[in-house]
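Presented below is the structure to which this report refers.
The values are calculated or read from the model by the stated rules, or taken from the named source; none is laboratory data. All figures in this text were calculated on a predicted structure; none of them were measured in a lab. We place every Cβ from the backbone using ideal geometry, glycine too, and count neighbours over all the protein chains shown.
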Amino acid sequence: MIFAQVINVLLLLLQVVHCLDLSDKGFKGFPEIKKVAGIHEIENKKDTPPSITTQKWYINMVDTSRDDLPKDMGKIEHCPPGSQICGLTIVKGPEIQQKEGVVTEIFSFSNQLVPQFKKNPEEHENTVKLNGANWGDLSINAVLHLICPEPKEKETLESSFDYKNLDIMWKNNYFCPDANHGEKEGKGKDDHGKDDDRKKGKDKAERQHRWGIFTWIFIIVALTFSAYIVGQSWMNMGGSGSFNDFIAELRDSATDTFGKVGEFVKQVVTRITGGGDRGGYSAV
């Protein structure tokens, strides 16, 4: 009697085993992975005249600490109880009575299957393999590729099935080892953008500063020339003469002074660049 009770308890424990239990040690190192808990659906359609064939896959990622989420897929029509991954093939024909379609194939990966975990850090991927699901005389396997997407890459859930192997390609930020993967990448880009803005602002300020100094030098030189021209004109007149004479003298002094500016600049450039007469000859 006691032995029978022990057997019943063991059978009960086996029934509550979940091969995709997110608390499994195989999922450690992914702090946000429990946020994908729940049943996820993939749907693939293809035209098979005169019908349309739809293949659906249901994946139950179990969080045993949450009572609001299903621990089993028995509530999904046609999915066997105890399924952690369930597949349905539905064919819809042109007849009205087949409007909802006919389920022609049912696949089930039981929660009794033992998952095999493998991490591939270089590919940002964590795989979960389930081997040995029975489908008639066939044995089929499933591999879940849980992928941490690149920054700005879309989250996707896709599948391929050849009646031997089911491959599920799942890209989700919750499969990243860093809880703030998306946020940090975004923040880094923002900081980089802010650094560029600050650098541009600094360069602009430096240009404005240099332009300000040049402007003041130009103004001082212009005022000095003006004062020199006015003073020279006044001295040439000897403090006497009419206003018209002063203007005429001022004009002559300005013309004479600015005529010398070109020669002055030429001499300065020649001294700076080291130019001058170096001898030799030139062909004519």
### Task
For the stretch 80-183, please list each of the strands (runs of 3 or more DSSP E) lying entirely inside it that holds at least 3 residues being of a type in the set (S, T, N, Q) and in the same structural domain as Lys46 (by TED's automatic domain parsing).
83-92, 102-110, 125-135, 156-161
### Message
modelled with pLDDT under 95, over 17 Å from Cys79 (Cβ atoms) and surrounded by fewer than 18 Cβ atoms within 10 Å (Cβ to Cβ): is that true of Lys164 in this structure?
### Response
no
### Query
Which of the following residues is surrounded by fewer than 18 Cβ atoms within 10 Å (Cβ to Cβ), in contact with a Ser or Thr (Cβ under 9 Å, 6 or more places away or on another chain) and at pLDDT 90 or above: Lys35, Lys46?
Lys46
### Query
Could we say that Lys56 is closer than 27 Å to Phe175 by Cα, more than 33 Å from the chain's Cα centre (by Cα) and either part of a strand (DSSP E or B) or in the same structural domain as Val36 (by TED's automatic domain parsing) (or both) here?
no
### Task
Find the residue count for the stretch 30-54, including only residues that are more than 23 Å from Leu69 (Cα to Cα), in contact with a strand residue (DSSP E or B) (Cβ under 9 Å, 6 or more places away or on another chain) and not charged (D, E, K, R).
6
### Message
Considering only residues that are at pLDDT 90 or above and crowded, with 16+ Cβ neighbours inside 10 Å, which ones fall in the stretch 95-110?
### Response
Phe107, Ser108, Phe109, Ser110
### Task
Count, please, the residues in the stretch 111-122 that happen to be among the hydrophobic types (A, V, I, L, M, F, W, C) and surrounded by fewer than 14 Cβ atoms within 10 Å (Cβ to Cβ).
1
### Query
Restricting the stretch 69-94 to residues that are surrounded by 16 or more Cβ atoms within 10 Å (Cβ to Cβ) and among the small types (Gly, Ala, Ser), which is nearest to the chain's Cα centre (by Cα)?
Gly87
